[in-house]
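Coordinate-derived values only; no laboratory data. Since we're looking at a predicted model, the values are computed, not measured. A quick note on method: Cβ atoms are made from the backbone with ideal geometry, for glycine too, and the neighbour counts reach across all protein chains shown.
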Amino acid sequence: MKTVLSGIRPTGNLHLGNYYGAMINFLKMQEENKCYFFIADWHSLTTHPNPQLLHANVRNILSEYLACGLDPEKATIYVQSDVPEIAELYLLLNMHAYLGELEKTVSFKEKARQNPENVNAGLLTYPVLMATDILIHNADYVPVGKDQEQHLEMTRNYAKRFNSKYGVEYFKEPAAYNYGKELIKIPGLDGSGKMGKSDGNCIYLIDEPKTIEKKVKKALTDNGPEAPNTPKPDYIENLFTILKVVSTPEVVAYYDNLWNTGETKWYGNLKKQLAEDIIKVTAPVQERIGHIKNDDAYLRKVTKEGAEKARESARKTLKEVREIMGFKSF
Ligand code: TRP
């Protein structure tokens, strides 16, 4: 059995792209692997969030994860800051991370450029904290997007560096989890490539049916096909891509056919159908989010038990790392 670990920074809410791109795969992974799903709240400190907002965001993501079907009985679901062992291993690994390589990290350079007034040490060592998250459970696989691949590469370097410095075969080199063909990419509504958190582009799991209808209605279209059997422009293809995920093959074939005949004036119907079918997917999840989010006792139980399981694994790693590095008790 392989160990899979995934972390998410608590900012904003999950959208349809997260749902089909990650959550659906997580549900499968938790059946087959030893999974750690955690909320990286320490990572979000690099931007100094306000304390109320930080807590609210952790509650959001946790509730949404659980509502999507992540199962605390099958996976270890925890909040990073509930596991103090991570902080200690982070300290130890920081001594093996060099200023030059940290300054060269793409994400650091970008953030430093965007917020020159807040280039804090935590921002610089963000990749070390992420490496710690991964190495503390000796994860085999980490599902990450393109923007995190460099951090994963750095994690492998820290694992190798530690092993060679102390002459051990201790840390595994984690690999990016590749979904291959199974990865569904949900495009945005504004004609741009990917669904992301920008206005007019994104449908959140918690969007009310009316909001979903409104957003879909506003999605970018044109006057219809200019002739029969022409290729669809990207922004129309995008709507079909979403339709394929949420609707039946018959529905998709019906609209595909309309496109191919070159008829016009059916986008309104297509959008109505698309909104309706998106709502069919989000409504039950949304209902569960509503219940879970207000159930403090349940959230407390999940995070407490998750932290206990995560700490057990983290404690073991930390104990061994301490020994390897020469911290021994008398
Ligand atoms: N840096 C990741 C992001 O911004 C979040 C994250 C923190 C993470 N620790 C991790 C992801 C460990 C995977 C593994 O998306």
Checklist entry - With charges set only on the Cβ (+1 for Lys and Arg, -1 for Asp and Glu), what does the dipole of the chain come to about its Cα centre, in debye to the nearest 20? => result 460 debye
Next on the checklist: As a test, work out the antiparallel percent of DSSP beta bridges whose residues both lie in the chain, rounded to the nearest 5.
Outcome noted: 5 percent
Checklist entry - Across every pair of different alpha-carbon atoms, what Kirkwood hydrodynamic radius in Å does the chain reach? => result 21.8 Å
Next on the checklist: What whole-number distance in Å separates the alpha-carbon centres of the stretch 22-61 and the stretch 244-300?
Outcome noted: 25 Å
Next on the checklist: Which one, Tyr141, Thr125, Met23, is farthest towards the positive end of the dipole of the chain when Lys and Arg carry +1 and Asp and Glu -1 on their Cβ?
Outcome noted: Thr125
Checklist entry - Of Asp41, Asp133, how do they rank once you tally other Cβ atoms within 10 Å and put the fewest first? => result Asp41, Asp133
Checklist entry - Per the Kirkwood formula on distinct C-alpha pairs, the Rh of the stretch 206-289 is how many angstrom? => result 13.4 Å
Checklist entry - With charges only on Cβ, +1 for K and R and -1 for D and E, what is the dipole size of the stretch 206-289 about its Cα centre, in debye, rounded to 20? => result 280 debye
Item to check | Value at 222 nm in deg cm²/dmol, rounded to 500, when DSSP H runs of n ≥ 4 in the chain each add -39,500 (n - 2.57) | outcome: -17000 deg cm²/dmol
Next on the checklist: With a 10 Å cut-off between alpha carbons and a GNM built on the chain, which of Pro209, Pro249, Pro127 moves the most?
Outcome noted: Pro249
